[in-house]
Amino acid sequence: MKKAIWLLVLIVMAGSVLAMGNKPIGRSAQTIDKTAVDFALKELNGQTVRLSDQKGKVVFLNFWATWCPPCREEMPSIQRLHQRLGNTDFIILAVSLDQGDIRSFVKKGNYSFKILLDPKGEIGRKYGVTGIPTTYIIDKNGAIRQKAVGSRDWSGFNP
């Protein structure tokens, strides 16, 4: 019974996110001014990435999953953003909430930004993620500046 309820909640959340459409960050993004919660997560290659090690960079922190259609929709634009800003003081940390294998999805999409693994959703809960995709923009000092829920075209985003 609990699984059925969670499945229903996920379907409703996914539908809500789909209904939000492809809005730019400037519209419907929340402006926030609070310190980002530090975390350490493993990349697909097994290396540990700590948020606190990214000080001095703008961090694009995205929570997503392979089973989420809006997440899959926005991933190519995140890759284009990474290609455009990858050599600056800007880093993309895409936190997968999947419990299964995501390697084939990442390989098929040829995504080269950092993919972190949070299969139990612990970091997502600490950030208050209630729907995916959810993206936080964290400034060079470690403060969350914006939160955006829903799929967007991130190609032209300027931190």
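Got a sec? Which strands (runs of 3 or more DSSP E) wholly within the stretch 29-126 have at least 3 residues that are out of contact with any Phe, Trp or Tyr (no Cβ under 6 Å at 6 or more places or on another chain) and modelled with pLDDT of 95 or more?
The qualifying strands (runs of 3 or more DSSP E) are 40-43, 48-50, 58-64, 90-96, 114-117.
Looking for something touching a residue at least 24 places away in the same chain (Cβ under 8 Å), on the phi > 0 side of the Ramachandran plot, surrounded by fewer than 19 Cβ atoms within 10 Å (Cβ to Cβ) and out of contact with any Leu (no Cβ under 9 Å at 6 or more places or on another chain) - is there at least one such residue anywhere in the stretch 147-159?
No, the stretch 147-159 contains no residue that is touching a residue at least 24 places away in the same chain (Cβ under 8 Å), on the phi > 0 side of the Ramachandran plot, surrounded by fewer than 19 Cβ atoms within 10 Å (Cβ to Cβ) and out of contact with any Leu (no Cβ under 9 Å at 6 or more places or on another chain).
Does Gly100 qualify as being in contact (Cβ under 8 Å) with a residue 40 or more places away in the chain and more than 23 Å from Arg152 (Cβ to Cβ)?
Answer is no for this residue.
Return a yes/no flag: does the stretch 50-72 have any residue that is farther than 20 Å from Ile138 by Cβ, in contact with a Pro (Cβ under 9 Å, 6 or more places away or on another chain), surrounded by fewer than 20 Cβ atoms within 10 Å (Cβ to Cβ) and touching a residue at least 24 places away in the same chain (Cβ under 8 Å). Walk me through how you get there before you give the answer.
To start, the set of residues in the stretch 50-72 that are farther than 20 Å from Ile138 by Cβ comprises 65-70, 72.
Then keep just the ones that are in contact with a Pro (Cβ under 9 Å, 6 or more places away or on another chain); that gives 65, 68, 70.
Of the ones still in play, those that are also surrounded by fewer than 20 Cβ atoms within 10 Å (Cβ to Cβ) are none.
Among the residues of the stretch 50-72, not one is farther than 20 Å from Ile138 by Cβ, in contact with a Pro (Cβ under 9 Å, 6 or more places away or on another chain), surrounded by fewer than 20 Cβ atoms within 10 Å (Cβ to Cβ) and touching a residue at least 24 places away in the same chain (Cβ under 8 Å), which makes the answer no.
Look through Arg84, Arg103 and report the one residue that is out of contact with any strand residue (DSSP E or B) (no Cβ under 7 Å at 6 or more places or on another chain) and exposed (fewer than 15 other Cβ atoms within 10 Å of the Cβ).
Arg103
Name the residues in the stretch 135-155 that are out of contact with any helix residue (DSSP H, G or I) (no Cβ under 8 Å at 6 or more places or on another chain) and not aliphatic (A, V, I, L, M), would you?
If the condition is that a residue be out of contact with any helix residue (DSSP H, G or I) (no Cβ under 8 Å at 6 or more places or on another chain) and not aliphatic (A, V, I, L, M), then Thr135, Tyr136, Asp139, Lys140, Asn141, Arg145, Gln146, Lys147 are the ones that fit.
Could you tell me whether Ile115 is surrounded by 16 or more Cβ atoms within 10 Å (Cβ to Cβ), over 13 Å from Leu41 (Cα atoms), out of contact with any Cys (no Cβ under 9 Å at 6 or more places or on another chain) and of a type outside the set (Lys, Arg)?
Numbers: surrounded by 16 or more Cβ atoms within 10 Å (Cβ to Cβ): yes; over 13 Å from Leu41 (Cα atoms): no; out of contact with any Cys (no Cβ under 9 Å at 6 or more places or on another chain): yes; of a type outside the set (Lys, Arg): yes.
No, not satisfied.
Cβ contacts < 9 Å: first residue in contact (Cβ under 8 Å) with a residue 40 or more places away in the chain, restricted to the stretch 123-136; second residue among the acidic types (Asp, Glu), any location; separation 6+ or different chain. Result?
Every condition considered, the pairs that remain are Gly124/Asp118; Pro133/Glu73; Pro133/Glu74; Thr135/Glu74.
In the stretch 83-105, which residues are closer than 27 Å to Thr35 by Cβ and in contact with a Lys or Arg (Cβ under 9 Å, 6 or more places away or on another chain)?
Thr88, Asp89, Phe90, Ile91, Ile92, Leu93, Ala94, Leu97
The values are calculated or read from the model by the stated rules, or taken from the named source; none is laboratory data. All values derive from a computational prediction rather than experimental measurement. Cβ coordinates were reconstructed from backbone atoms using ideal geometry, including for glycine residues, and neighbour counts include every protein chain displayed.
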